[in-house]
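No lab work stands behind these numbers, since they all come straight from the coordinates. Treat the numbers as computed from the prediction; the structure is a model and nothing was measured.
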Amino acid sequence: MTDLDELIPVGKIIGTHGIKGLLKVFSYSGNINSLQAAKTAFLKGKDGTLCEYAVKSVSAHAGGFIIGLDSFSDINQVLSMKGSEVCLKRSQLPVPDEDEYYWRDLIGLAVQTDQGLELGTLVDIFETGSSDIYVVRGSSKEYLIPAIADVIAHIDIPGKKMIITPLDGLLDL
């Protein structure tokens, strides 16, 4: 059995490719190397079920990936996988550089300002093209915090907290 905490989502299946059971994957990172080096990948279904599959092939395609899994050779076998997340074991991934984090490690951090104001918990992250946006939910308000060096003052993964220096007006939106 695999510990869910050691699995890192690397992409989401957005469709099929051709008729031979290949899957189109939207990549969360754009890094194909880890997926190509992986011997197995886990698919987390929309219902939360988790299945491990041997990776047959991985190739770049239109900003994402095409992945082939050993167990499947026909489009009809993989149609139901659309929407599933592709996950790898943390040990299959490179150690992030300093000031780089896996999204999974950031979700759940308590967020406060450098003045000590508690904002809430980081509950989601989305990409905008120029930077990621951290969604922080407090008891009565939700904040959208840009993941830029001018705003993110400190991240303490073991301590489960993030300190931000809000730009003027950021918390008023």
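Summary of computed values
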read-out: Among (i) 0.98; (ii) 1.31; (iii) 1.17, the entry that matches Cα Rg over 2.2 N^0.38 Å as calculated here; value: (iii)
read-out: Percent of Cα-Cα distances greater than 18 Å, calculated over segment 103-166; value: 25
